[in-house]
1. Just need the relative contact order of the chain here, percent rounded to a whole number, with Cα pairs under 8 Å and 6+ apart.
2. Run the quick spin-label model on Thr347 and Glu309: label points 7 Å from Cα toward the beta carbon, then report their separation in nm to one decimal.
3. If you take every residue apart from Pro64 with its C-beta less than 14 Å away from the C-beta of Pro64, what net charge results, scoring Lys and Arg +1 and Asp and Glu -1?
4. For the range 60-123, report the translational diffusion coefficient in µm²/s to the nearest whole number, using Stokes-Einstein at 20 °C, 1.002 mPa s, and a Kirkwood Rh over Cα pairs.
5. Which value, in Å² rounded to 10, gives the accessible area of Arg118 with a 1.4 Å probe and all protein chains present?
6. Report Rg/Rh for the chain, rounded to two decimals, where Rg is the Cα radius of gyration and Rh the Kirkwood radius.
7. Can you compute the FRET efficiency between Met432 and Glu504 using 1/(1 + (r/R0)^6), with r the Cβ-Cβ distance and R0 = 25 Å? Round to the nearest 0.05.
8. Nearest 10 degrees, 0 to 90: what angle lies between the long axis of helix 276-292 and the longest principal axis of the chain (Cα atoms)?
Amino acid sequence: MKIRKIAILIGVVSCFAGVFANTGETRRKAKYYFTQGALEASQNNTASAYEYFKKAYETDPSYPDAAYTYGSQRLFMQNDTLQSPIEIMRSLEMMKSYLDENPGDLYASQMYGFITTRLDTLDEAIRVYERVYGLMPSQTQLLMTLADVYMMKGEPKSAVNAIERYEKIEGKSAGVSLKKVTFLLADKDTVQAITEVNDLIAVNPRDSYSRILKGNLYELVGPPDSVLVAYKEAERISPESGAVKMSLANYYRQVGDTVMLDNMVYEALLSEDLELDDKISILGDYLQKLLDDKGEKSRGDHLFTVLKEQYPLEPDLIELSSRFSAAKGEFEEAAEEIEYAIDLDVTNDRYWLMLMSFLLADSRYSDIVAAYERAQNHIEPSMALKNLYAASASQLKDGKRALKIIDSLLSEINPELVDGDMETLRSLRSEMDYETLEWVSSLYCNIGDIDYKLGEIKNGFSAYDKALFFNPENTLALNNYAYFLAESDQDLEKAKEMSWKCIELSGNNPTYLDTYAWILFKLGDLTKALEYQEMAIELAKETNDDNEEYIQHLNEIKKAIGASANQ
């Protein structure tokens, strides 16, 4: 909520405050209520304290302490009426009356300034901050707050001026200069920004951080050659600094020098001034960019050895290594690595979920069942673990056990999901959040897959209907339902509609394109079927999806086209 014209209402309440006679008896009663409110507040009786402060103010609206306290508490009440623009302005006016009588109250001024800033009444915040600083010039932190408020108001020059007033008293520092440079750049004053960094370096020529700041600045405003010069100066000053190494690494990444990039990341991982969490973060960012850029993944393997030698039994590092192995498609190695992490922390359910996920990606269904049974001895299996267990049981042709597990998962959400009719399901759906809807839809989709494989086709299609009822954009349900309808030669137009919707939601998937092509084939639209089947196969090559069924479908379509041509 933005309330810009505080001046319109400021003063309205005070115009009437003088109407009431401020008798000694009135003030005495107001002070009594105020004291009682403070006592209640000290005992954390918030509601009771609020009522006493309200009564104190209503008894004597000209009593500043009551006005400030009641006004500030109104701002934090969860009450729609009190949060209306008019009532918010009333609350601020109550606080203002106290501050104008007690301009030297630092805490009250800071609180009032904070609130007016959040309400976007920036001129009022500036007025109060400037006033209290004028009375208390030793409170230099107010100048930094003022700088931020001026910047919010869109006055970078005033913001820089506030910082310079601060620097005259406290001197220069890297953090303050960084803020100042940010404001100067916002004002498009690049010359002064460079001057500021050079001034910081002159004050402390042996500080490597100021050189890093200079390099960062040149990355934004140029010249490019000066970036490397600044970082190299920082390295000369602090040759073992991990922060310097990372600045150089970022530079070499931007210019495409992968050899120097790897060297700098390697040296950063060896540095002693970085904590393990920082190093894992650095390596994680490096690996992600390596994967995004489709770089040589062995570069990441080399860097892992650096940290593994330093921290051979660190679970977080082992987890990162297993994730990287999985990202490379090395699921067997990923599973072995996360097993080490499980040995170190057997009660970590995330590690068990990762293990079962890696095993699933490697189609090791028997090992998933075994892992689940081991996990049960150490943790209460989560719904995600149970779902993986059910999927694996299904792949092992143990569909009945899989269905039993899924029913237990649905029952955990709501028992009526297991056998409820559509009217009951409709009522349940209206009460669910989006995440739960997706989860329930996924479970029904699993039931559909299992029932179809068990030959319970009618039950399977009913489960798919429920999956789409809870999430109409469940692409797996849309695809599988459509494909199995085609395989059963049932309602091909419905299958075509669902399959096309699936492609619209997630077109770059060879399985979904294959399904659509197969449905077109079943409908006799051979030319279009061939077009989409060839698209599926080309996309499969790009994604290393070697599903033999795509080729079988292609051959069937071509055979039908040949037969049609010979008629």
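1. In percent, rounded to a whole number, it is 4.
2. So the two model labels end up 3.6 nm from each other.
3. -3
4. My calculation gives 182 µm²/s for D.
5. 140
6. 1.10
7. So, using R0 = 25 Å, E works out to roughly 0.50.
8. The helix 276-292 is inclined about 50 degrees to the chain.
The values are calculated or read from the model by the stated rules, or taken from the named source; none is laboratory data. Nothing here was measured: the structure is a model prediction, and the numbers come from that model. As a convention, Cβ positions derive from the backbone with ideal geometry for all residues, glycine included, and neighbour counts pool all protein chains shown. Accessible surface is based on the protein model in full, side chains and every heavy atom, while ligands, DNA and RNA are left aside. Shrake-Rupley method; radii C 1.70, N 1.55, O 1.52, S 1.80 Å.
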